[in-house]
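What follows is a short report on a single structure.
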Amino acid sequence: MTRQFYDLLVALEALAGGALSRARELGFRGVGAAVAVSQLMHAPQRFLDLMVEVRKRGEEEGVDVVTRLVIDVALREGRVKALLRRWRRKFEVISAHSVDRRLTAFACRDSRIDVVTMVPGTELMRGDFMYIRTLEKRIELLLAPLHEGGLRRRAEVLAEYAALVDLLKRKGLTNRLIFSSGANNLHTLRDPRSMAALLHVLGLGYEEALNALSINPASLVKENRDKLAGVVPVRGVRVLGEDEEVGEE
Amino acid sequence: MGGVRYVVAVIEELGDLTTRIVEAVVEFSGVAGLAKVRPAVVRIYRKKRIAIVRIEREGLPLFRASLAAYPRPILRIIKVTGTLRRAQRIAESLSLPGEVRDQG
């Protein structure tokens, strides 16, 4: 069976501006249409309308558009909780950037946040990994920081990514890794196999690297869609249809 | 074991392709990496904006990683083959740039 690749973080406005066709050309089956929380707070209706439009265009182009909310600014815990109460059921994926220690710790322990996006210069602690493992969260690396700044800065980002990949291998969490472009424009998008090759060069096995762009994000999207559809009302419970049977494990 | 691979790709940025590729590989992995990849542009189909690039088989991941990590898109890889004849056949079968899709 051919792999279905997902780029789970592309700015919604970029998708509206042609990145959707570009993602299809590159071989992606699905894209995460990301709205930053700062944008959503200022003009919620505008972005929700744009989301509907991009989704419709995705259907026409044959690209699966996943709605995603990104918490990319350091907010107080109470503020994040209020945001999650309001928006959790309106977005298929919710992620938080590890912009500061408190937000990272909160993102790891709150089950409503699905993905922790690693920003260069930040790290995860032992307790964070425990929550990530228990709550089945995903850890995300982005391609965009590798394109920004001078050579030295980019080398530092590469070194951090290599160290994180090594840590995830030691902790047996490579199946939780997602690699996305984090693109704000067309030029940051790359084909999935080249992105996987980059992860491979950083120390991950090639199959695991391909999984970080296909199986890992796709399984998250499926889980969350099942939750929103009521098929999984609470963690560990799945409502079976009439023709479905409980599989032997 | 040695061996080469032929990469069929769409040219994303016009200009001296060889220089751009060398720049990207050297920037990512240095001269040692370039020695491992040893890229050479074999053929360019100007109208279709398609190129065939020969690389060392062992250098394929490094070549792809270099293209991914380079800030500007240089090439969009369509297919990797083991023979030049097959690469040419694929390149010739491709139509207009807008219709070219990744074939894995």
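Could you please let me know if residue A:216 is more than 14 Å from chain B (Cβ to nearest Cβ), closer than 24 Å to residue A:69 by Cβ and either polar (S, T, N, Q) or touching an Asp or Glu at 6+ places or on another chain (Cβ under 6 Å) (or both)? Before the answer, list the steps.
Working: more than 14 Å from chain B (Cβ to nearest Cβ): yes; closer than 24 Å to residue A:69 by Cβ: yes; either polar (S, T, N, Q) or touching an Asp or Glu at 6+ places or on another chain (Cβ under 6 Å) (or both): yes.
When the stated conditions are applied, residue A:216 passes them.
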Seminar exercise, completed: The one condition residue A:92 fails out of (1) within 14 Å of another protein chain (Cβ to nearest Cβ); (2) in contact with a strand residue (DSSP E or B) (Cβ under 8 Å, 6 or more places away or on another chain); (3) of a type outside the set (A, V, I, L, M) is (1)
Seminar exercise, completed: When (1) farther than 27 Å from residue B:57 by Cα; (2) modelled with pLDDT of 90 or more are applied to residue A:174, the one that fails is (1)
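Within the group A:112, A:133, A:190, which residue is of a type in the set (Lys, Arg), closer than 28 Å to residue A:79 by Cα and part of a loop (DSSP other than H, G, I, E, B)?
A:112
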For this session: Look at the range A:174-211 and say how many of its residues are away from chain B (no Cβ under 12 Å), free of Cβ contacts under 8 Å to residues at least 60 places away in the same chain and of a type in the set (A, V, I, L, M).
Result: 1
Exercise. If residue A:162 passes every condition in (1) surrounded by 21 or more Cβ atoms within 10 Å (Cβ to Cβ); (2) within 13 Å of chain B (Cβ to nearest Cβ); (3) aliphatic (A, V, I, L, M) but one, which one does it miss?
Worked result: (1)
Problem set entry | Lone unmet requirement of (1) free of Cβ contacts under 8 Å to residues at least 60 places away in the same chain; (2) surrounded by 14 or more Cβ atoms within 10 Å (Cβ to Cβ) for residue A:76 | (2)
Exercise. Of the numbered conditions (1) among the hydroxyl-bearing types (Ser, Thr, Tyr); (2) in contact (Cβ under 8 Å) with a residue 60 or more places away in the chain; (3) in contact with a helix residue (DSSP H, G or I) (Cβ under 6 Å, 6 or more places away or on another chain), residue B:83 satisfies every one except a single condition; which is it?
Worked result: (3)
Exercise. Of B:55, B:50, B:44, B:90, which residue is closer than 23 Å to residue A:27 by Cβ, β-branched (Val, Ile, Thr) and within 13 Å of another protein chain (Cβ to nearest Cβ)?
Worked result: B:55
Problem set entry | Members of the range A:160-204 found to be over 25 Å from residue B:8 (Cα atoms) and of a type in the set (D, E, K, R), listed by number | A:160, A:166, A:169, A:170, A:171, A:176
For this session: Could you check, for the range A:116-124, whether at least one of its residues is under 26 Å from residue A:23 (Cα atoms), in contact (Cβ under 8 Å) with a residue 40 or more places away in the chain and within 12 Å of chain B (Cβ to nearest Cβ)?
Result: no
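The values are calculated or read from the model by the stated rules, or taken from the named source; none is laboratory data. Everything quoted here is computed from the prediction, not taken from an experiment. All Cβ positions, even for glycine, are placed from backbone atoms using ideal geometry, and neighbour counts span all protein chains on display.
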